[in-house]
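Worksheet: one structure, shown below.
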Amino acid sequence: MADWPDLATVKQVLGADRSDKDNLIEAALASAIEGVVADCGGSPVEVEFGSDGEAMVTLTDPSAETALEITVTAKVARAALHRAVTVYKGPDAPFGVAGIFDSGGIYVSRYDPIYQWLLKGQRRRFSVS
C-alpha cells in the first residue's frame, strides 16, 4: 500500500525549491487528492497538511452508511501527483495553448490519457441511470 504524495515530492517534480509558493502547491495537491478520490468513486474527503508537509486525508462524513474510503495504491498516488502538477502548471498555458510553432499549436488536452491510465480499474462506485 502506498501513501498520498507529500509537498516535498510535488516540489521536487516541479523543480520548485522556494517556500513562497508552498500555499499554491498545497492547494494544487489538496485539490488533486480530492479529485482522484472522487474519480475513483470514493466519498468526499478533506485534505490537511502536517508541519512536515504530509497529506492527512479524512472522510468528510465517516458516519454515513455509504461512506467509501479509497485504498491508496502506487497508481492512485501517482495519479494524484500527476494531477497536482497539472493543476499547478495549468495557468502557464493560457486558453489551453502550451506553444505555437510553424506547424501549428500545441494544446493542453482536456482528456489526459496518462491520468486515465493511472486510474484504470480503480473505480469503486458507479452511477446508475
remark   = The long-range amide H neighbours of F49, using H built 1.01 Å from N in the peptide plane and a cut-off of under 5 Å, are M56
task = Would you work out which of T58, A16, G35 lies farthest towards the positive end of the dipole of the stretch 1-98, given +1 charges on the beta-carbon of Lys and Arg and -1 on that of Asp and Glu, about the Cα centre?
result = A16
request  = Tabulate in residue order the Karplus-calculated ³J(HN,Hα) for the stretch 56-66, using 6.51 cos²θ - 1.76 cosθ + 1.60 with θ = phi - 60°, rounded to whole Hz; enter x for Gly and Pro.
outcome  = 10, 10, 10, 5, 6, 9, x, 7, 5, 4, 9
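The numbers here are math on the coordinates, done by the rules we state, and not lab data. A quick note: this is a predicted structure, and the numbers were derived from the prediction, not measured. Positions of Cβ are backbone-derived with ideal geometry, glycine not excepted, and every protein chain shown enters the neighbour counts.
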